[in-house]
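Down below is the structure, laid out as structure tokens.
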Amino acid sequence: MNVSIKKIGVISGPLAFLFVLLFFHPEGLSKEANAILASTLWVAIWWITEAIPIAVTSLLPIILFPLSGGLDIKSTTAAFGHQYVFLYIGGFILAIAIERWNLHKRIALNIINIIGTDIKTMILGFMVATAFLSMWISNTATSVMMLPIGIAVIAQLNDNPETKEDENKIFGKALMLAIAYSASIGGIATLIGTPPNLVLAGIIKETYNIEITFTDWLIIGLPISLLMLFICWRYLVLFAFSFKQKEFPGGKTEIKKQITALGKLSYEEKLVLMVFVFTAIAWISRSFLLQKIIPSINDTIIAISAAVLLFLLPTSKKGKPLMNWKFAVKLPWGVLLLFGGGLALAAGFKESGLALWIGTQMTLLQGVSLIILLTCIVVSVNFLTEITSNVATTSMLLPVLASMALSLEVHPFILMIGATMAASCAFMLPVATPPNAVVFGSGYLTIPDMMKKGFWLNIISIILIILATYYVLPYFWEFDPSTFPEDFKTL
């Protein structure tokens, strides 16, 4: 980041905070919501300009929220101990164990051998695998699972002396973004793929007593997800990045040679692989199998269980476990703070009423055409979830949109489904979605990298969601988008 931009950020962050806190007092905005908005601007400016290390910036809510009156210290710091933070910890410890025993290299070499050595095809292979997993398990668990494999593939490219260093960096950035983007896109396809989809189904059931079934959602969600995935892949390999090196040096011959050189799986590799596979199966089967046996189990419990197990299982050397604290301490603590800061902002938006206030401002759009209204909502939600939790945003906005649709006399599904899908398509900042935060922890990406590449994908997703919900959704679900159903009003 340019030094002058950092200096501008250092000054403009506090100035923006003071200006909003002292002079921005629109009607309906509570004192608490005003304080959260002011604090968020400061944090966002320092994140974007990297005025200080972003992990340190992520600690600002702990200072600003309580002192400005936005949110008490207990609620603010609780966000840094959110269950998702511990899901990351468990997942990263598993990734470190895979790397410690060199299993990542074996996995990477075999993936390259199966997919092929063409750079663009490899990226597509990773995206399809990640998106498919994300259809059934949380996008957080998916990205945590795919991250060590992706890093291993990049590292393998680095291991070849014929490879140009700059090309490695380009490939590394592209593959990390491909994993993050496809994890978010894959979640759109199914009702259980991402939390906002379930929030939508719950609010529609509660408000209108109408059930959105798994099949109902699949009809609209899967085509959008597949199209978005293909467009995203083409965007990454043709426009976002340019690959002068078309395939891995040496091709399949070199790859097979290195696989042979690795020899047979060691005892330690087998144990780590078993833990990895069982963890993946547990994540995948949790919603339809495990929870029937153990109702309270979730992705975080599975991840931490795997991490603890690694400290218990012995290696072939007596008395030495697969994982010890010397290696585990290599966790990307900065990313954990970054994600905690994002969750603190989300808590502030929800508890202070700021998210609700932002939603109610949309009622000012009364009288405009439906497609313009939908565009405003999709754009607002898309960019709002760059700095807030998509679950918190949809939880607060969807009830507002339900009542707003009634007052504007338009079908609620258009607005609510458009907003829900937009909440899963924030691609610009590490705190926007859990997959973004996960790949940011790899060290291959900077915030400017993510912003430049993610901005255009945001725009593409906005256009696609608007077209799909306005033109395609009413056709498949058979309703008139311009009219609020009379029978809904009696519910």
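The values are calculated or read from the model by the stated rules, or taken from the named source; none is laboratory data. Here the structure is a predicted model, which is why all the values come from computation and not from measurement. Ideal geometry is used to build each Cβ from the backbone, glycine not excepted, and the neighbour counts take in all protein chains shown. Just the protein is used for accessible areas: all its heavy atoms, side chains included, with ligands, DNA and RNA removed. Shrake-Rupley method; radii C 1.70, N 1.55, O 1.52, S 1.80 Å.
Calculated mean residue ellipticity, 222 nm, the chain: -22500 deg cm²/dmol, from DSSP H runs (n ≥ 4) at -39500 (n - 2.57) each, averaged per residue and rounded to 500.
What's the center-to-center distance, using Cα atoms, between segment 416-491 and segment 96-117 in Å? With segment 416-491 and segment 96-117 each reduced to a Cα centre, they are spaced 33 Å. Taking the centroid of alpha carbons for each part, segment 10-54 and segment 268-305 are 41 Å apart. Once the gyration tensor of the Cα atoms in segment 345-424 is diagonalised, the equivalent ellipsoid follows with semi-axes of 20, 13, 10 Å, ordered largest first.
I want to verify the translational diffusion coefficient of segment 2-144 in µm²/s; compute it with Stokes-Einstein, Rh as the Kirkwood radius over Cα pairs, at 37 °C and 0.692 mPa s.
Numbers: Rh = 18.9 Å.
Here the translational diffusion coefficient equals 174 µm²/s.
Taking every protein chain into account, the 1.4 Å probe leaves Asp480 with about 80 Å² of accessible area, to the nearest ten. Between Phe479 and Tyr267, the modelled label-to-label distance comes to 6.2 nm, taking each label 7 Å out from Cα in the direction of the beta carbon.
For Met451, the accessible area of its heavy atoms, probed at 1.4 Å with every protein chain present, is near 50 square angstrom. Each residue of segment 261-274 was assigned a 3J(HN,Hα) from its phi angle through the Karplus curve 6.51 cos²θ - 1.76 cosθ + 1.60 (θ = phi - 60°); the sequence is 5, 5, x, 6, 4, 6, 4, 5, 4, 4, 5, 4, 4, 4 Hz, with glycine and proline shown as x. Quick note on segment 49-127: its Rg to Rh ratio, both from C-alpha atoms and Rh being the Kirkwood radius, is 1.22.
Size descriptor for segment 271-315, Kirkwood hydrodynamic radius: 10.9 Å (Cα pairs only, one decimal). Orientation-averaged projection of segment 417-472 equals 3.8 nm² [convex hull of Cα atoms, one quarter of hull surface area]. Give the angle, between 0 and 90 degrees and rounded to the nearest 10, that separates the Cα long axis of helix 333-352 from the longest principal axis of the Cα atoms of the chain. With rounding to tens, the tilt is 10 degrees. Please list log₁₀ I(q)/I(0) at q = 0.06, 0.07, 0.09, 0.11 Å⁻¹ for the chain, using the Debye equation with identical point scatterers on the alpha-carbon positions. The Cα Debye sum returns log10 ratios of -0.28, -0.39, -0.64, -0.95.
From the P(r) of segment 377-491, can you give the percent of Cα pairs sitting at distances over 20 Å?
Working: 3076 of 6555 pairs.
Value for segment 377-491 (Cα pairs over 20 Å): 47 percent.
Can you give me the orientation-averaged projected area of the convex hull built on the Cα atoms of segment 1-59, in nm²?
Working: hull surface 15.8 nm².
Hull-based average projected area comes out at 4.0 nm².
Taking amide hydrogens as placed 1.01 Å from N in the peptide plane, the amide H of Phe484 sits under 5 Å from those of Val410, His411, each at least 5 positions away in sequence or on another chain.
Going through the cross-link list Lys244/Lys330; Lys105/Lys326; Lys246/Lys452; Lys105/Lys244; Lys120/Lys330, which pairs have a Cα-Cα distance over 28 Å in this structure?
Numbers: Lys244/Lys330 34 Å; Lys105/Lys326 21 Å; Lys246/Lys452 23 Å; Lys105/Lys244 24 Å; Lys120/Lys330 31 Å.
Exceeds cut-off: Lys244/Lys330; Lys120/Lys330.
Using equal-weight Cα scatterers in the Debye expression, the normalised intensity of segment 299-350 in log10 at q = 0.19, 0.27 Å⁻¹ is -0.79, -1.03.
For segment 208-356, take N as its residue count and report Rg(C-alpha) divided by 2.2 N^0.38 Å. Intermediate values should be presented prior to the final figure.
Numbers: Rg = 22.5 Å, N = 149, 2.2 N^0.38 = 14.7 Å.
Computed over Cα atoms of segment 208-356, the ratio equals 1.53.
Applying the Karplus relation 6.51 cos²θ - 1.76 cosθ + 1.60 with θ = phi - 60° to segment 201-207 yields 3J(HN,Hα) values of 4, x, 5, 5, 5, 6, 7 Hz, where x marks Gly and Pro. Mean silhouette area of segment 377-439, derived from the convex hull of its C-alpha atoms and averaged over all directions, reads 3.8 nm².
Where does segment 232-293 land on the Kirkwood hydrodynamic radius, alpha-carbon pairs, in angstrom? Before the final figure, lay out each step's value.
Working: mean 1/r = 0.0624 Å⁻¹.
One decimal place: 16.0 Å for the Kirkwood radius.
Size descriptors for segment 103-201: radius of gyration and Dmax over Cα atoms are 14.6, 53 Å.
Rg to Rh for segment 168-283: what is it, with Cα atoms only and Rh by Kirkwood? Can you show the working numbers first?
Working: Rg = 20.6 Å, Rh = 18.2 Å.
So for segment 168-283, dividing Rg by the Kirkwood Rh gives 1.13.
Label reach from Ile372 (point 7 Å along Cα→C-beta): in segment 457-474, amide nitrogens under 19 Å belong to 463, 466-467, 470-471.
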